[in-house]
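Data block below; observations after.
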Amino acid sequence: MSGFNTSGVLSVAPARMLVPILLILMWYLGRLHSQYEPIVTSKVSSRLEEARKMIPSVKLDWPIPLAKDPRAAFNSSKLALLIEARPLPHLPPLILHMMAVIPPDWRFLFIGSNESIIGVSRAYSIKHQQVIGKLDLVELPPPWSIASKEDVFRLLTDSRFYDEFLTDVEWILKYEHDSILCANSETSVDDGLGWDWTGAARMGDGHFSGYGGLSLRRVSVIKRVLSFQARFNDSEPEDEWFGKRLWVLPGAKVASRFDDAIAVEDVYMERPMGYHIREGGGSLDKSVWGDAARRKEIFEYCPELSMIMDMKLERQRCPDDDGNGDREMADVQVTTAVLGEGDDAKALPNDAESAVLPPQPPPLPQPWKVSVTTFGSPLRTGID
């Protein structure tokens, strides 16, 4: 506060004197800013430009972020399907081989039991295919079942299976544990997408070439059949059931000649896309596999067959095997026992034609002989 003191002199409070001083200082700084602003701006800009020129040019190539669902990288309309409840040891290499032969945009689905899924998922390569979204391992919930062939037939002839589990699928390559595609084939699976159904031909049926465990199917045509037809339980297999109806279905393009088939089962064709060996070779057709020269030609063309066939080495053949699955009859000397007096048996030779027994196992190794030698010195033992 300001006022007159006792001596009559005007006194001013320090705070009131500070306010005008600050106002004058702010006005002066404002004048300086307006004068030196262009100079400061140009100086700073030039320094920043010089520093920017000294920074090396760097180009960052950021990777494309992965999709939330890795399965989106594949074609959802194409699916290779394998259904197997048994924990067979060759399933992982079979699946990986089919992945290598089938075009890369196809997805794979393995439907199995708890045991078979555990057996397949142990392989590291299978786990990798699951991570990248190419393969799914599925155990169907109840009441679905794949415990028997009849259960699989019912599954594949039920429209709910396609609606619930194969919603976006249009083409199915169905293969089984005893079927395989050949890497040497000149034709690809995509070359058969023009068919609504194609597979293997069978002798005596020239109307339908879609049999077996290796077939290419169009789901939309399957749904057309199932929309007005239903399979009776415990009746014919699903491929035969579909074949009779697809043959007369208007507009359906079904393989009907031997040349239209993509796989070999009972009818031989040169250089097919694949083979279906029923039950791993338990019931081979002689017209296809009976000739040794033809078998050699088949195995040279498709060596992958050894993965699914129950085979043996050449040295395991019977001595009288002619190489075509037949055995030559030979004259051998056999002995027959004849009872004599006193119930004494006497062996007599008999030159008769008899079946030749399969090769017997090698004789057991003989025990080592121990020799003792003395030379007027302490006893020494050795082994001859």
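Can you say whether LEU94 is touching a residue at least 60 places away in the same chain (Cβ under 8 Å) and either surrounded by 14 or more Cβ atoms within 10 Å (Cβ to Cβ) or of a type outside the set (Ser, Thr, Tyr) (or both), as far as the supplied structure shows? Spelling it out, LEU94 is indeed touching a residue at least 60 places away in the same chain (Cβ under 8 Å) and either surrounded by 14 or more Cβ atoms within 10 Å (Cβ to Cβ) or of a type outside the set (Ser, Thr, Tyr) (or both).
Considering the stretch 34-134, the qualifying helices (runs of 4 or more DSSP H), each wholly inside and each with 1 or more residues that are touching a Cys at 6+ places or on another chain (Cβ under 8 Å), run over 91-101. Residues that are hydrophobic (A, V, I, L, M, F, W, C), surrounded by 12 or more Cβ atoms within 10 Å (Cβ to Cβ) and not in a helix (DSSP H, G or I): does the stretch 279-289 have at least one? Yes. Scanning the stretch 249-278 for residues that are surrounded by 17 or more Cβ atoms within 10 Å (Cβ to Cβ) and small (Gly, Ala, Ser) gives ALA255, SER256, ALA261, ALA263, GLY274.
Restricting the stretch 164-204 to residues that are under 20 Å from PHE242 (Cβ atoms) and without any contact (Cβ under 8 Å) to a residue 12 or more places away in the chain, the residue that is surrounded by the fewest Cβ atoms within 10 Å (Cβ to Cβ) is GLY204.
Contact annotation: residue pairs with Cβ atoms under 6 Å, 6 or more positions apart or on different chains, pairing a residue in the stretch 206-217 that is among the aromatic types (Phe, Trp, Tyr) with a partner that is at pLDDT below 80 and part of a strand (DSSP E or B), are TYR211/ARG202.
Of all the residues in the stretch 213-225, those that are over 12 Å from LEU246 (Cα atoms) and touching a helix residue (DSSP H, G or I) at 6+ places or on another chain (Cβ under 7 Å) number 3. So is LEU137 within 22 Å of MET307 (Cβ to Cβ) and surrounded by 16 or more Cβ atoms within 10 Å (Cβ to Cβ) or not? In short, yes.
Total residues in the stretch 243-262 satisfying the condition of being outside any loop (DSSP other than H, G, I, E, B) and either under 20 Å from LYS296 (Cβ atoms) or more than 26 Å from the chain's Cα centre (by Cα) (or both): the figure is 7. I'm trying to understand the selection: among the residues of the stretch 226-241, which are outside any loop (DSSP other than H, G, I, E, B), in contact with a helix residue (DSSP H, G or I) (Cβ under 9 Å, 6 or more places away or on another chain) and of a type in the set (Asp, Glu)? Residues satisfying the conditions are GLU238, ASP239.
The values are calculated or read from the model by the stated rules, or taken from the named source; none is laboratory data. Just so it is clear, the model here is predicted, and its values are computed rather than measured. For neighbour counting, all protein chains shown are included, and Cβ atoms are generated from backbone atoms with ideal geometry for every residue, glycine included.
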